[in-house]
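Read the structure below first, then the notes.
The values are calculated or read from the model by the stated rules, or taken from the named source; none is laboratory data. Bear in mind that the values here come from a model prediction, so they are computed numbers and not experimental data. As a convention, Cβ positions derive from the backbone with ideal geometry for all residues, glycine included, and neighbour counts pool all protein chains shown. What goes into the accessible areas is simple: the full protein's heavy atoms, side chains included, and nothing from ligands, DNA or RNA. Shrake-Rupley method; radii C 1.70, N 1.55, O 1.52, S 1.80 Å.
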Amino acid sequence: MLEHPEYGYRRVTKELHRKGILVNHKRVHRLLQDFHLSLKRTVRRPKPNPLLQIVLLAGDRADLRASLLRQREPEPFELLYTDFTLLPYRGGKAWFVPILDHRTRMVVAWGLGPSPSAELALEAWEEAKAFLQAGRVKSYV
């Protein structure tokens, strides 16, 4: 540990094994903690999301909703939007994905799942497309 202060308990355990000293990694971890020799790690900054950077650079040009609303009020079922909403309950949590119409405030489709995944959003979107293509839109206008 004195030779390599940057080593954590895993690397110390491997080094001890290479030198012929068989010791469990849990014991090494506990000893390093007891003698305050454990490695002080810094939190890495997350890598910048390239998609977010593109959207931020585009600014107002990327917000299609705002540009449409500046021009005119959209027709019913012309502007849809969604969001992931966490629903905690006694047994855990679920994610709710409603697809809403801007004009009528109607929930066109929705999805419910254990995690906020792309599959859940695409499933809700396929349901919304089926609703719109079925021609049920005219009865709500």
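Scanning region 26-35 finds no residues that are in contact (Cβ under 8 Å) with a residue 24 or more places away in the chain and either in contact with a His (Cβ under 8 Å, 6 or more places away or on another chain) or under 24 Å from A134 (Cβ atoms) (or both).
If the condition is being open to solvent by 80 Å² or more (accessible area, probe 1.4 Å) and under 14 Å from F96 (Cβ atoms), then region 113-136 contributes P114, E123, E127.
Scanning region 70-105 for residues that are touching a residue at least 12 places away in the same chain (Cβ under 8 Å), over 19 Å from S117 (Cβ atoms) and not acidic (D, E) turns up P74, P76, F77, L79, L80, L100, H102, R103, T104. Considering only residues in region 32-83 that are outside any helix (DSSP H, G or I) and of a type in the set (V, I, T), the one that is farthest from the chain's Cα centre (by Cα) turns out to be T42.
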